[in-house]
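Only one structure is covered here, and it is reproduced in the block below.
The values are calculated or read from the model by the stated rules, or taken from the named source; none is laboratory data. On a predicted model such as this, the values are computed, not experimentally measured, just so you know. Note that we place each Cβ from the backbone using ideal geometry, even for glycine, and neighbour counts take in every protein chain shown. Calculation scope for accessible area: heavy atoms of the full protein, side chains included, ligands and nucleic acids excluded. Shrake-Rupley method; radii C 1.70, N 1.55, O 1.52, S 1.80 Å.
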Amino acid sequence: FSSRRRHTRYGTVTGVQTCALPISAFLLQLKRIIFFGGCVGLALYLRNTHPESHKRLMFIGTFAILDAAFFRMNWFLPRLGIEHNFTVGHLYQLLLLVPMLAYDMIKFGRIHRVYLICIPLIIAMEALAAVALGIWPDKPA
């Protein structure tokens, strides 16, 4: 155990590892919190008058904060040549939407307006997060 100080990507370490997240990681977490809170708040407001919108907003709000779990599921897509965890996590997450969209198409013949509004919003927010984190666009080698 050393008492000397060393500078790392995560902050100054004095014997104990600390993790001072960069501002972009903080903004990524803030985006999740705001989107989740907005979806759940609107869902609670609409629960009696628009139950179909209520359940979709609850799903999409929960869905939006699950990406951290999907980033850990990097066991399948890398075998197909997709290596970047950020891309893999979001592909898994978007695949989770397919059954929900298929249900709407089969039962109602259209995609519910909650999905038409929220899915592009989620994709745009994730793209902005990728740019903020310096993950996307990929730099040519």
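Listing for the model above:
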| read-out | value |
| --- | --- |
| Criterion (over 24 Å from ALA102 (Cα atoms) and modelled with pLDDT of 65 or more) met by exactly one of GLN29, GLN17 | GLN29 |
| Segment 37-63 - residue that is polar (S, T, N, Q) and closer than 20 Å to LEU97 by Cβ and, of those, least open to solvent (accessible area, probe 1.4 Å) | SER53 |
| Of the criteria (1) surrounded by 12 or more Cβ atoms within 10 Å (Cβ to Cβ); (2) at pLDDT 90 or above, which one PHE108 fails | (1) |
| Selection count where residues are acidic (Asp, Glu) and outside any helix (DSSP H, G or I), scope segment 101-123 | 0 |
| Single match in ALA43, ALA69 (criterion: at pLDDT below 85 and among the small types (Gly, Ala, Ser)) | ALA69 |
